[in-house]
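Each value in this text was obtained by applying a stated rule to the coordinates, not by laboratory testing. Being a predicted model, the structure only gives us computed values, none of them experimental. Cβ: placed from backbone, ideal geometry, glycine included. Neighbour counts: every protein chain shown.
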Amino acid sequence: MDLLSSLRISSSGLAAQRKRMEAHSSNIANAQTTRTAEGGPYRRKEVVFGSEPAREAFSEILEGELAENAQTVHATEVVHSDKVVYKHDPSHPDANSEGYVAMPDINPMVEMANMIEAQRAYESNVTAINTTKQMAMKTLEIGRGN
Amino acid sequence: MDVNDKTLKALTTALNFREMRQELISSNVANANTPGFKAKKMDFEEALARALDVDGQMKMGVTDERHHNVGNGGFNNLEPEIYDNPNGVVSENGNTVDVEAEMAQMAENKLMYDALVQLINKKMGIMKYAINSEK
Amino acid sequence: MAIKDIGSFQQTLGNADAKGWSRKVDNDMASGFDIKAPGLEGGEIQDGKSFGEFLQDSIGKVNNLQQDANMAMEKLASGESQNLHETLLAVEKADIAFRTMNQVRTKVLDAYREIMKMQI
C-alpha cells in the first residue's frame, strides 16, 4: 500500500539525516583531537547520501507506475577527509620537530550549518510522516458513523 | 444512485492517486540532500478529467439505467504521469528538490484527500439512509 | 413500493396516475370544505398545479440538485475546480433535499395507507 511505503521512505529520510547529525556533531566534538586510535589527528567525517527504489523488484510488476520514482534514501558511506591543517604551537605535546601540530581540518561554522540543515531536513521528514499517518487515519473513517 | 455510480468511482480513483502523490512527495522530501536526485512530479488530474468528461454529462442526464454514461471510460486503466519537476532549483550537488514547495504540495494534497474522504462518506451516508427508510 | 432512485419514484408516481388521483382528491377536498389552496381561486378549481404535479416538480428539482452535486464532486476530484466550499455546499444542499424528499415520500405513503384503510 502506498501509504505504508511512504512511511518507509520518510523513515529512511529520518535515519539518513540522523547519521548526518552524528557525523557533524562528532566533527565539532573532535575539532581539537590530535590523537586517534589510528594515529594522527581526527579526520573530518561527512556522509554521502544515495537513493534507491522504494519498491522491490518483485512488487514493481504489481505496483507499476511508482516503481522507480519513489526512492528511499540511505547514508551510503561515511567519507573521511584526509586533509590536515598544521598549526604552529611548539608547546603542544604532539608538536613535531618544527613546532607544528597536525589538527583536523574542521571549521565549526561549516559543521553548525550542516547540523542546522540536517535538523530542518529531519523535521520535514517528520512532517511527512505525520501527514501520511493522518491520511491513513482519515481513510479508516470511510463508512464510519452514518 | 447505486454503488457503481460514476461519481463514487471518480472519488475513489482520485483518492488512490492522491495516496500515490503522497508517496512521491515523501520520496522527494527524504531525498532533499541526495546528490544528483531529481525531484519528481505527478499529474493525474487530466487523465481523470478525460475519463469523467464532466461537461459532456450534463447534456445526457441518465434517467434509465440502461442508458450509457458519456465519458465513463474505464477507471481501471488510468495511469498518472510521473516526470521530473521542471521547476526544480538545481543546487550545487545536482539536487533539484525544493523542500518548501514539497511541503506546500503535501499540505494541499492532504486537504484534498480529507475532502474526498468526506464526500465519499456523504454519498455512502445518503445511500444507507435511503436503504434504512425502505418500508 | 420498491423505489430504487429518484427517477423511478417519478415514474411510479406517473404510472399510478397519481396526477389524476390527487387532482380528484383536490377537487373533492376543495369543494367539500371550501378551502383555498394555492393556484385555486374562489373555491373553484382552475388549472393550477395539483399536488401530484407539485410533487413531481419537486422530485425533478431534487434530481437536479443531485446531478449538480455529482458534477461538483467530479470536478473537485479531477482538479478542474478548486472550490472546496462550493462543492461541499452543493453536496449538502442535495443531501438535505434528498432527505426532505424521503420524508415527504414517507408521509405520502402513510397518507395513502390511511386512506386505503378507510372503510367505504
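Could you compute the net charge surrounding residue A:43? Neighbours are other residues with a C-beta less than 9 Å from the C-beta of residue A:43; K and R count +1, D and E count -1.
Cβ neighbours under 9 Å give a net charge of 0.
The phi-based Karplus calculation (6.51 cos²θ - 1.76 cosθ + 1.60; θ = phi - 60°) puts the 3J(HN,Hα) values of the stretch B:11-19 at 4, 5, 4, 4, 4, 4, 5, 5, 4 Hz, whole numbers, x for Gly and Pro. Each residue of the stretch A:40-47 is assigned a 3J(HN,Hα), and the resulting list reads x, x, 4, 9, 4, 9, 8, 9 Hz, derived from the Karplus form 6.51 cos²θ - 1.76 cosθ + 1.60 (θ = phi - 60°), x at Gly and Pro. Here the 3J(HN,Hα) profile of the stretch C:62-69, calculated from phi with Karplus coefficients 6.51, -1.76 and 1.60 at θ = phi - 60°, is 4, 4, 4, 4, 4, 4, 4, 4 Hz, Gly and Pro shown as x. The Cβ shell under 15 Å around residue A:105 holds other residues with a net charge of +2, Lys and Arg each +1, Asp and Glu each -1. Between residue A:102 and residue B:91, the FRET efficiency estimated from the beta carbon spacing at R0 = 25 angstrom works out to 0.15.
Around residue A:82, what is the net charge, scoring Lys/Arg as +1 and Asp/Glu as -1 over all other residues with Cβ under 11 Å from its Cβ? Every neighbour counted, the sum reads +2. Residues with amide H under 5 Å of residue A:47's amide H, sequence separation 5 or more or different chain, H placed in the peptide plane at 1.01 Å from N; which? Answer set, sorted by chain and number: A:79. Taking label points 7 Å from Cα along the Cα-to-Cβ direction, residue C:118 and residue A:138 give a separation of 5.5 nm. Ellipsoid semi-axes for chain A, based on the Cα gyration tensor and the rule √(5λ), read 46, 17, 9 Å when sorted largest first. The stretch A:93-146 and the stretch A:70-88 have their alpha-carbon centroids 16 Å apart.
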